[in-house]
Amino acid sequence: MKTIESDQPDEFIISSMELYFLINLVGDKGLPDKDTEAFIRKSCSSDSPDHIWREGRESLIRRRYFIPGADGELRISAQLLITLCHIFLAKKAYLHQYILNGREYEEFLYIHEEKVIRIECLKSDEGQYRLTYLNIDDNELVQSFGCTEQKLQNPGELPALMLSRSQFEEMISRSSELSTEELIQQLSNTTDDQEAVIALARCIKSNTSKGLLRFYIWNHNTWEVQCVQYMCNHHVNWLIRSSANHDEDWMIATPTSMEKIQEMIKDWLTESTS
């Protein structure tokens, strides 16, 4: 595949089908797991991977991101090729899905040394994504975390709570139909600390934002994953850690300031993988 000169900026707005085609060009490095594939394919009008791939390819050719040469070989714009190279060489990535004041947001980042390729889902119902080329120390990297920042103080010295992940996920799925008192009763079955239980139950029932982070590290020939959730209301922020191993049922909920959560993300982004 050869390159062509282009005046395209360090930002691309593309469809889900176009994104699926591009990500598949880099092979196994492009899609760490089913969660990231679902993130990319969620708005595709077809369930057939081959059809999505063909439609994405033809659309990119029509938009002249790819130009067929006389020999039949596709020419790719230089800036788009640089973007794909950073995705292919990435040793870290993370998927961030969160809800803030009832609105859903999603983004996926590939990290290669000091460069970051950010993929933001702009309109999930229309299948629009923005690819942005950033430096790892760019303040824009933490913009989405700033959206969930609250001017809060954690009440007292609440302890961390050890919970059953399966039971907690069931409570979350039923939280709209359970009262705060019922949530407190169910949480009390797993721990004796009533003050922390009450604070967590209230946060589940009246959160203003909540999110899921999946961290990926490339280990020679496969992606390793770790999962973290957070949940916030106007009184306390909770950081919720669990194992990515489906055979392990533990979960730890810890009262944490949003600044601490942001620091954790920044430390992980800048930490060396070697």
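Give, in nm to one decimal, the length gained when the segment between GLU169 and ILE82 is fully stretched (0.36 nm per residue of separation minus the Cα-Cα distance).
Gain in length upon complete extension: 27.3 nm.
By count of other Cβ within 10 Å, fewest leading, how are TRP238, TRP218 ordered?
Values: TRP238 25, TRP218 18.
Fewest-to-most Cβ neighbours within 10 Å comes out as TRP218, TRP238.
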Arrange GLU11, GLU73 by Cβ neighbour counts within 10 Å, fewest through most, would you? GLU73, GLU11
For the chain, longest principal axis from Cα atoms; helix 49-62 axis from its Cα atoms; angle between them, nearest 10 degrees, is 60
Compare ARG63, ARG202, ARG214 in a GNM of the chain, Cα atoms joined below 10 Å, and give the one with the largest fluctuation. ARG63
Taking the simple approach of a point 7 Å from Cα along Cα-to-Cβ for both ALA38 and GLU263, what is their distance in nm? 3.3
Candidate lysines for bridging to LYS92, where Cα separation is under 30 Å - those fewer than 8 sequence places away on the same chain excluded: LYS2, LYS29, LYS34, LYS42, LYS115, LYS123, LYS210, LYS260, LYS266
Which FRET efficiency value, to the nearest 0.05, do you get for ASP47 and ASN221 by plugging their Cβ-Cβ distance into 1/(1 + (r/R0)^6) with R0 = 25 Å? 0.30
Using a Förster distance of 25 angstrom, determine the FRET efficiency expected from the C-beta separation of GLU181 and SER243, and round it to 0.05. 0.25
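Just so you know, all these numbers are worked out from the coordinates, no wet-lab data involved. All values derive from a computational prediction rather than experimental measurement. Every residue, glycine as well, gets a Cβ built from its backbone with ideal geometry; the counts of neighbours run over all protein chains shown.
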